[in-house]
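All remarks here apply to the structure that follows.
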Amino acid sequence: MKHSVIAATLLVAFGHQAANALDLGTLTNQPRAILQTLPPQVGQFTDVYTFSLASPAFVSASGTSLDLSLMGLNLYGISDFSIVLKGADGSFKKAATLEASTGNYKIEDFYLTPADYQFEVSGKTIGVAGGSYSFTGLAAPVPAVPEPSTYLMMGASLAILGLVMNRRRKDDSQA
């Protein structure tokens, strides 16, 4: 009996999956930054950050596992770190990719329509003091201004029309 109580206590302390939920509200072009520190007994974790969009937007997110070692001892660390963008119903939208030069995981300019969504940040704490990560999410509104190439095509069209009109005027004056 005594051994099963100890085993159950250890299972609760070290084997449970942490799940923190935070509502970011309506995501805008102002970055929402979060620094999360997890104790070592957490082990596997999944943090869910819910948000909504009021209008169509390009959504971006980035995150980094903040690893800290001292004299060969891994104090803070997270393995299997990942960020996934999902719909409110849990449907997969986009996974972050690792940018090798910086060690950041990024989702860049992913187009979404107005609705509720969530970012899931997950991993496993491996440091003796736990693990820590930073996460930032933002939404840039879809621009209503035409692209520069649109202006270029309009300018080229006007130039061609001007040349045609000028040529007709010359032909009319010679006739």
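Since every read-out is calculated from the coordinates, none of them should be taken as a lab result. Every value quoted in this text rests on a predicted model; they were computed, and no experiment measured them. Neighbour counts run over all protein chains shown; Cβ positions are idealised from the backbone, glycine included.
Please determine, in degrees from 0 to 90 and to the nearest 10, the orientation of helix 2-15 with respect to the longest principal axis defined by the Cα atoms of the chain, where the helix direction is its Cα long axis.
20 degrees
Which of Val121, Val164 has the fewest other C-beta atoms within 10 Å, and how do the rest follow up to the most? Can you show the working numbers first?
Numbers: Val121 25, Val164 10.
With the fewest neighbours first, Val121, Val164 line up as Val164, Val121.
Using a Gaussian network model of the chain with C-alpha springs under 10 Å, which one of Ile78, Ile34, Ile107 is most mobile by mean-square fluctuation?
Comparing Ile78, Ile34, Ile107 in a Gaussian network model of the chain, the most mobile one is Ile34.
Pick from Leu112, Leu73, Leu138: which is most flexible by mean-square fluctuation in a GNM of the chain where alpha carbon atoms under 10 Å apart are linked?
Maximum fluctuation in the GNM of the chain, among the listed residues, is at Leu73.
Helix 148-174 sits at what angle to the longest principal axis of the chain, using alpha carbons and giving 0 to 90 degrees rounded to 10?
Result, in degrees: 10.
Taking the Cβ-Cβ separation of Met153 and Ser79 as r and a Förster radius of 41 Å, what is the calculated FRET efficiency to the nearest 0.05?
Numbers: r = 51 Å, r/R0 = 1.23.
For R0 = 41 Å, the calculated efficiency reads 0.20.
Calculate the spin-label point distance for Ala115 paired with Gln30, positioning each point 7 Å from the Cα along the beta-carbon direction, and give it in nanometres.
2.7 nm
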